Structures are given as C-alpha cells and as structure tokens.
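Worksheet: the structure to be examined is printed underneath.
Where a number appears in this text, it was derived from the coordinates with a stated rule and is not lab data. What you see is a predicted model; the values in this text were computed from it and never measured. Every residue, glycine as well, gets a Cβ built from its backbone with ideal geometry; the counts of neighbours run over all protein chains shown.
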Amino acid sequence: MDQRKIGESNPVYIIAEIGINHNGDLNIAKSLIDAAVLAGCDAVKFQKRTPDICVPDESKKIK
C-alpha cells in the first residue's frame, strides 16, 4: 500500500472518475483504469447508476 501523504506541501493526489461510460463491461472498465494510470492519476473511483432510474426518458433516445 502506498503511504503517500496528502495535504499542503505534498504533491496533488489525482483521482480519476469513471462513470457509467464502461457500460457494465469489465474489460472497458479495466481499460479506463489503465488510461487513468497512463494519464498519471493516483487512483480511480467508480460511480454506479441505474440509467433506467436516473436518465430522463427523452435523453434515453439520444444516440
């Protein structure tokens, strides 16, 4: 485990956010993690949403 300190006088700790853009596909999620690492991020966090609940009906039709 990395013992990095967070706070003033320490380097910025960058957290990438992975939303529902992985479409529930584990391989896409892993690719997004790899991309975050390549971009220099220190960590990633995932958001979980249920599109049927949180996306308005008119937006579901947009491709």
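Restricting the search to the range 26-59, which residues are surrounded by 10 or more Cβ atoms within 10 Å (Cβ to Cβ) and either over 30 Å from Gln3 (Cα atoms) or of a type in the set (Phe, Trp, Tyr) (or both)? Correct list: Phe46, Arg49, Pro51, Val55. Got at least one residue in the range 5-16 being free of Cβ contacts under 8 Å to residues at least 12 places away in the same chain and of a type in the set (Asp, Glu)? Yes, some residue in the range 5-16 is free of Cβ contacts under 8 Å to residues at least 12 places away in the same chain and of a type in the set (Asp, Glu). Looking across the range 22-40, the residues that are over 11 Å from the mean Cα position of the chain (by Cα), of a type in the set (A, V, I, L, M, F, W, C) and assigned to a helix (DSSP H, G or I) come down to Leu26, Ile28, Val37, Leu38.
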